[in-house]
1. Can you pull the one-decimal nm distance between simple spin-label points at Asp37 and Trp10, each 7 Å off the Cα toward Cβ?
2. Could you work out how far apart the two model spin labels at Glu19 and Ala52 are, taking each label as a point 7 Å from the Cα in the direction of the beta carbon, and quote it in nm?
3. Report relative contact order for the chain in percent, whole number only (criteria: Cα-Cα under 8 Å, sequence separation at least 6).
Amino acid sequence: MNWDQIQGKWKQLAGSAREQWGKLTDSDWETVAGKKDQLIGRIQERYGVAKAEAEKQADAWAHAQKEKESEQKSHSLTHT
């Protein structure tokens, strides 16, 4: 799943992101709204990590969302 897709599905994915980065505030989430650069900046700020580490975390999370989506599609195809 790329970040354009994440931004488009942000309302569905925001809960998972909130679980991943619990230190981010409601205001942070409103600002992020699925935008990778905003998320990276907020992770850096709240967790005190370097930009490279924040990018790594964001990319790993996005990859996990892609995996979940693939699993759900595969599961629904085998159970229809």
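1. Modelled inter-label distance: 1.4 nm.
2. Using points 7 Å along Cα→Cβ, the separation is 3.0 nm.
3. Details: 47 pairs, mean separation 25.7, N = 80.
32 percent.
All of the numbers you see were taken from the coordinates with simple rules; none came from a lab. Keep in mind that this is a model prediction, so the values were computed, not measured. Quick reminder, even Gly has a Cβ in these numbers, built from the backbone with ideal geometry, and neighbours come from all protein chains shown.
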